[in-house]
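The values are calculated or read from the model by the stated rules, or taken from the named source; none is laboratory data. Predicted, not measured: the structure shown is a model, and the values here were computed from it. For neighbour counting, all protein chains shown are included, and Cβ atoms are generated from backbone atoms with ideal geometry for every residue, glycine included.
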Amino acid sequence: MDIFSKKVSFDQQFTPPSENSKEVYSYPKIELTEGNSKDFFLSLKPSVCSIYNPIFGDNGKKWDMFFSGQDPTGRYNYMIGPAGYDTEKRDWHTEFAGVCFNQVLKLLRISLTRDFKEENTTVGITYPHFIERREKGLSSLSFGSEFSFEKEERVLTPWSNWEFTYPSLKTRVELSLPTEDKGDKKTVGIEASWFGQMYILPNKEIGMMIKGGSNLATSTSVSIPGYNEIESNRFISTSLWYSFPLGKIRKGLWNPNIYFGDNFGVLWSSFLFPDNKSSCFSFGVELNIESSSLFGTSVGIIAPGIAITKDKKIEIYFGGRM
């Protein structure tokens, strides 16, 4: 988005139109009837997006489809996919299915998802906008909880997100407390992150992110560019970056549905301190391209880059984030 400013002129006088001159529109060829519950459920019929998936579908051996639907009020929506046919195994497959109840119990958001690949079921309750305002200081507060179960493993994860906004500065704190119940063993961990960015005109920014986690029983996969993922029970990672604009693309395609916005250059450096491995350090340059696909349902950043590790190893990577 671009923001423009214009000086206000108070010389122009505005006279509201009288009610007598208000036009009344009529549509004689359209007959309106009151709907019922049947009409409501018929509105949930899915819209289907079918793609031949040679990149994510095992070298072009799968046909994948996404099914999604939503009622006119926006209270109920669902998504199923990737679902399709494997031409090599000659078998139908479904990887994920989820349904979300928005504002059924205002303002709570309730979701139910099933990961068929990991055989994991998750129930989530979110209060997304407990505080939402455009003032200095605490500008946003949301909290919720997720409960997932997989065979004998149960995990309850309460979480909370805090956002603070000041002129040219934004900072966010995310905190979650995963409690795992695995048979006769029960553990409580903590995962926290702090994110801050400062805007420097025109359209430049510097930022920093600190993440950490501690869970004695369950290891977490952590990594920074230039290194493979590391399984660690405790870790701290830090990232610093400087971002500057490179240009505007603002073009896209209807089929396949994809859109590219602006692009930015990023200079960055990252540190990782796991408890069971030696520390990691890398720095490099990255290209960030704003993008969206699947008719705006998937919005994110395409981020190819070059990383140089502390061992002087150079690696080209292709990343992305939502």
task: Report yes if some residue within region 127-135 is closer than 27 Å to Ser219 by Cβ and loosely packed, with under 14 Cβ neighbours inside 10 Å; otherwise report no.
output: no
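Does region 196-211 hold any residues that are aliphatic (A, V, I, L, M) and not in a strand (DSSP E or B), and which are they? Walk me through it before giving the result.
Restricting attention to region 196-211, the residues satisfying the condition of being aliphatic (A, V, I, L, M) are 198, 200-201, 206, 208-210.
Matches in region 196-211: Leu201 only.
One line per residue, one yes/no per condition, for (1) loosely packed, with under 14 Cβ neighbours inside 10 Å; (2) among the hydroxyl-bearing types (Ser, Thr, Tyr); (3) touching a strand residue (DSSP E or B) at 6+ places or on another chain (Cβ under 8 Å):
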{"position": "Ser214", "(1), (2), (3)": "no, yes, yes"}
{"position": "Ser219", "(1), (2), (3)": "no, yes, yes"}
{"position": "Ile224", "(1), (2), (3)": "no, no, yes"}
{"position": "Glu229", "(1), (2), (3)": "yes, no, yes"}
{"position": "Phe235", "(1), (2), (3)": "no, no, yes"}
{"position": "Ser243", "(1), (2), (3)": "no, yes, yes"}
{"position": "Ile249", "(1), (2), (3)": "no, no, yes"}
{"position": "Pro256", "(1), (2), (3)": "yes, no, yes"}
{"position": "Tyr259", "(1), (2), (3)": "no, yes, yes"}
When every residue in region 181-200 that is small (Gly, Ala, Ser) and within 19 Å of Ser232 (Cα to Cα) is compared, the one nearest to the chain's Cα centre (by Cα) is Ser193
Examine region 174-188 for a residue that is surrounded by fewer than 16 Cβ atoms within 10 Å (Cβ to Cβ), at pLDDT below 90, in a strand (DSSP E or B) and among the aliphatic types (A, V, I, L, M), and state whether such a residue exists.
yes
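Do you know which residues across region 74-108 are of a type in the set (A, V, I, L, M) and under 23 Å from Glu119 (Cα atoms)?
Filtering region 74-108 down to residues of a type in the set (A, V, I, L, M) leaves 79-80, 83, 97, 99, 104-105, 107-108.
Those that are of a type in the set (A, V, I, L, M) and under 23 Å from Glu119 (Cα atoms): Met79, Ile80, Ala83, Ala97, Val99.
Would you confirm, using the coordinates I've provided, whether Trp268 is surrounded by 17 or more Cβ atoms within 10 Å (Cβ to Cβ) and hydrophobic (A, V, I, L, M, F, W, C)?
yes
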In region 266-306, anything more than 21 Å from Ser232 (Cβ to Cβ) and of a type in the set (Phe, Trp, Tyr) is listed as Trp268, Phe283, Phe295
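Go through region 101-118 and report how many residues are within 25 Å of His129 (Cα to Cα) and either among the acidic types (Asp, Glu) or not in a strand (DSSP E or B) (or both).
Start the filter on region 101-118 by keeping residues that are within 25 Å of His129 (Cα to Cα), which leaves 101-113.
Now drop any that are not either among the acidic types (Asp, Glu) or not in a strand (DSSP E or B) (or both), which leaves 106-107.
So the count comes out to 2.
For Gly57, are the conditions met, namely being touching a strand residue (DSSP E or B) at 6+ places or on another chain (Cβ under 8 Å), among the small types (Gly, Ala, Ser), at pLDDT 75 or above and surrounded by 16 or more Cβ atoms within 10 Å (Cβ to Cβ)? Break it down into steps so the answer makes sense when it comes.
Values: touching a strand residue (DSSP E or B) at 6+ places or on another chain (Cβ under 8 Å): yes; among the small types (Gly, Ala, Ser): yes; at pLDDT 75 or above: no; surrounded by 16 or more Cβ atoms within 10 Å (Cβ to Cβ): yes.
Spelling it out, it is not the case that Gly57 is touching a strand residue (DSSP E or B) at 6+ places or on another chain (Cβ under 8 Å), among the small types (Gly, Ala, Ser), at pLDDT 75 or above and surrounded by 16 or more Cβ atoms within 10 Å (Cβ to Cβ).
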By my count, strands (runs of 3 or more DSSP E) wholly in region 212-307 with at least 1 residues that are within 30 Å of Lys182 (Cβ to Cβ) and of a type in the set (Lys, Arg) are 234-253
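This table checks each residue for (1) at pLDDT 85 or above; (2) at positive phi; (3) hydroxyl-bearing (Ser, Thr, Tyr).
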position: Asp115; (1), (2), (3): yes, no, no
position: Ile125; (1), (2), (3): yes, no, no
position: Pro128; (1), (2), (3): yes, no, no
position: Leu141; (1), (2), (3): yes, no, no
position: Glu152; (1), (2), (3): no, no, no
position: Ser160; (1), (2), (3): yes, no, yes
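Assess whether Ala303 counts as being within 23 Å of Ser221 (Cβ to Cβ), hydrophobic (A, V, I, L, M, F, W, C), surrounded by 13 or more Cβ atoms within 10 Å (Cβ to Cβ) and under 19 Å from the mean Cα position of the chain (by Cα). Give the derivation first.
Details: within 23 Å of Ser221 (Cβ to Cβ): yes; hydrophobic (A, V, I, L, M, F, W, C): yes; surrounded by 13 or more Cβ atoms within 10 Å (Cβ to Cβ): yes; under 19 Å from the mean Cα position of the chain (by Cα): yes.
So Ala303 fits the description; yes.
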